[in-house]
Structures are given as C-alpha cells and as structure tokens.
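Worksheet: the structure to be examined is printed underneath.
The values are calculated or read from the model by the stated rules, or taken from the named source; none is laboratory data. In this text, all values refer to a predicted model and were calculated from it rather than measured experimentally. Note: ideal-geometry Cβ built from the backbone for every residue, glycine included; neighbour counts use all protein chains shown. Areas reflect the complete protein model, heavy atoms only, side chains present, ligands, DNA and RNA absent. Shrake-Rupley method; radii C 1.70, N 1.55, O 1.52, S 1.80 Å.
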Amino acid sequence: NRRKKKDVSILEIPAIPNPFPELCCSPFASVLSASLLPKATSRKKQVIKVYSEDDTSRALEVPSDITARDVCQLLILKNHYIDDHSWTLFEQLTHTGLGRAIEDHELVMEVQSNWVMEEETKLYFRKNYAKYEFFKNPLSFFPDHMISFPNETNAALSHSGILQMFLSSSTYPEIHGYLHAKEQGKKSWKKLYFVLRRSGLYFSTKGTSKEPRHLQFFCEFSNSDMYMSLTGKKISGAPTNYGFCFKPNKSGGTRDLKQLCADDEQSRTCWMTAIRLLKYGMQLYQNYMQPYQGRSGCSPLNMTPMRSISENSLVAMDFSGHRSRIIENPTEALSVAVEEGLAWRRRGCLRLNSHGSPIAMSNMGMSIHRSQSWFHHKISREEAQRLILQHGLVDGVFLVRDSQSNPKTFVLSLSHGLKIKHFQIVPLEDDGKLFYTLDDGHTRFTDLIQLVEFYQLNKGVLPCKLKHYCARIAL
C-alpha cells in the first residue's frame, strides 16, 4: 500500500517542460527513440573467392546483394585495370567441364546458392568481348537459314528491326535447325530438328515438321541456367566440340543436365544468343546501355561503333623535304610507315647498345616479346582456341604463341567470322639480319612487337585487324 501511495504522489507532481523532448524517455522505453536510431541494415557481408586466368585467387568481402557487374567494378578498381566494359564474372564447373558468363545483373550470392557440394565450382574474372556483340552486329549472329519471322513481318529487316523484334514482348523470331541431343540416362546422342519459340524449346518427332502434334517440349529456361561445354568430347562423349546444356537450379548433379550439341560454332552461337535474349529480354539491353547512359546522342537501338576524334583525323605525312606534305597514295603511306618503324627500332637499339654489348641487345630483341601481354609461351593449338573462345569470338581477338610443330617459328591465333584461324610467323634471315614475316617476306619486321603493332593498324594479309588480345591476368 505504501508503494502504491508513493507512485500516486509521483504521478501527481506537475510535469517540468523538457528542452530536449526527443531525448525524453520512460523507464520502459529505450534511451533514444526508435525513429532516431539508424535502421538496421539487411545487407550482410559475405566472403567470395574469385580466380584469375592463371588460377591465382583473391578473397573479397562483399554485401549479400552485390551483382556480378559490381564485383567486376570492385576488382577493376582494386587492380587498377582499364574498364572497357568487357570484364565479366564467369562460373566454371570443373568436374563437368561446363562454364557460363554470369549476366551483369545477376546476384552473386544467388548464383552461389545453386552450387552443389559434390561439384567443384569457381568464379573467374576475365574479359568477354562477345558479351554484347550481338547488339552491335545482329546480322552475323543470326544466319538466314536458322531464323524465321512471323508471316506479317517483312523478312528483310534492318539492323535495329531485328533487335526490336527480339526484345518485343508480343513477337519473337523463331530459331530452328538440327541439334544433337543426349538421351536422358543414356550415353547415346540423337540428331533432332529443334524449334525455339517464346514458350520454350521443342524438338520434332517427325523430320522437320512444325505441326503442334509433332512438336515435343524439351525445356524452358526460367528455372535453369545455360552453360557452354568447355571440354568438348572428352567428358560427355559429344559428337562435336560445340556443346551446350541446361542445368536446373539446385539440381542433383549431372543426371539432370539437358545436353545439346551443334554442328559448328556459328550454329551454337545463334542458339545460345537467342536463348539469352528470350530469357532476359530487355534486361540484357539495359545492361548493355548502362555504360552509355551518361553520353549524349546515344539513342536506343541506333548506336553506331564510336570512333575517336584522332582516328578520324589521322593522315600520313612526309617530313623528309623542306616542306611537309600529305601522302595521298595508300601504297606509299604503307611503305613509309614500315620504313619509319624500322628506323625507330634501329635508333632504339643504338641507344641501348651504348650501355651494353651488341650481342646482348640482339638477344634481347629476339626475346622482348615474351614480356608482352598478348604472348603465350608454350601452349597448344587447343589451349589457344580455348582461351580465345573464353574471351569471345569477336573479330580481332588474338594471341601469339610458340609453334609446337616448328620450334623456331611462332603462330598468330586470330578470331574472325566466328572461327579461329592460325597464321604462322616465320623468321627470315637476310644479309645477316633476322626478320619476321606473315606473307613470305613481302612485309618484314625486326621483332614480334613491331609485327603486332603493324597489324593492329593495318589488316594486310589477315582477314581483319588485331583488336583485342587474350592476356593471362593476375589478381
């Protein structure tokens, strides 16, 4: 009773105004108002391990809602790389020999949540020049014999017309052609006629018939991811090296894979690109446009390859006389460029020779290419093709390697027209001097660096200029 009387007397005391009402609290409340406290963040930190192409790794502590693009940006900043919008995060399944480029908008933690304990899976950080190449040149990705449009659509579509149809929610081009499919639970492969529609992927039970009664459902893509076969025939026993498959999210293992195999690289690229567009649609275009959002004059679906001001204004000049002149003859400009390059190399060697022996400098000239990012020492033809494929089959992706068939020569491996071609670089000795050539001595270079620099500016005997080199990067 005494306690109750004390409590009543306390409540009857007149209240004194508080100059800081926001700090006012009762014995049953917290010291600060909940509205004034910082909101508890739901972004938990997690550690991921990312590998480079030379299998060195780096651990990163990242928030749980980080995207693949954000991880790439973080690694670009940490390693002081140049951001050319081609850096990509790859998911690679070691035991099954499968891999895929994680889309820029995908959450990395969601990707990792689908990993199976029995499968050794890694994240790789590398360049993928073909990531959005189909937005720049869709005609080369979708050959006429594999694509058909709705009846009311004119088949002769423009560059932007094809893209708009792929990104439209109402219409979608039909992709069709033969693929080898691995029968479920068996080792054998069967060649079937497949049709890709908005509702999913189907195969025909009767030749090339597209009648509904002859089309059987193969798979849909909302709950599965598409992977490329990196090992070709070795693991799956595929009839060709152009395999790809669909792996359901959180699957039990290889038994749930739906494996397919194309006859050539162009066919596989067409199927995989169309399925990417079907699954992600406008999200892919938003990913592609994101680096250009701040630039003026970039209208959707009408972007043209950007050229630098210097590239448009460069002209060949002759400064040998009393007055300079512009060289208008292309043949003369080419010969002057080669002569200037040789003179520049000779001057460099003379400067270096003043501090060292001529023999030592000549040996250095023969091996200076080994320090270049585009040079790969002793790798096989198959390894070179795998590296270029990982960087994307875009015109101009290249590397230089030692020849395995002839130890004294080198090989330039180059991607062009969705194919990988190999050109032999032959050493040529003339008047006691060593040169390198790609065209039987018509164009000669004192070292491989000069050769690569020349073909980066001139197509010459190659099908295209050298644009993007494959480099082994270390994190």
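Odds and ends about this structure:
- Probe 1.4 Å, all protein chains present, accessible-area order of Glu91, Glu61, largest first: Glu61, Glu91
- Summing charges over neighbours of Pro248, with a neighbour being any other residue whose Cβ is under 9 Å away from its Cβ, gives +1 when K and R count +1 and D and E count -1.
- Estimated FRET transfer efficiency (Asp256, Asp55; beta-carbon r; R0 25 Å; 0.05): 0.30
- With a Förster radius of 25 Å applied to the beta-carbon distance between Asn223 and Thr94, the computed FRET efficiency rounds to 0.60.
- Backbone N within segment 205-242 under 18 Å of label point (7 Å from Glu183 Cα along the Cβ vector): 205-207, 216-218, 236-240
- Karplus-derived 3J(HN,Hα) values for segment 123-130, using 6.51 cos²θ - 1.76 cosθ + 1.60 with θ = phi - 60°, are 9, 10, 10, 7, 8, 9, 5, 8 Hz; glycine and proline are entered as x.
- Per-residue ³J(HN,Hα) for segment 44-51, Karplus 6.51 cos²θ - 1.76 cosθ + 1.60, θ = phi - 60°, Hz, x for Gly and Pro: 6, 8, 9, 9, 10, 10, 10, 9
- Per-pair calculated FRET efficiency, R0 = 25 Å: Lys408 and Asp431 via Cβ, rounded to 0.05: 0.85
- Label-to-label distance, nm, for residues given as Lys378 and Asp84 (7 Å Cα→Cβ offset): 3.0
- Size check on segment 133-292: the Cα extents along the three principal axes, sorted descending, read 43, 39, 26 Å.
- Neighbour-limited loop hits for trypsin sites (Lys or Arg not before Pro), segment 196-280 (at most 16 other Cβ within 10 Å; DSSP other than H, G, I, E, B): Arg198, Lys206, Lys210, Lys250
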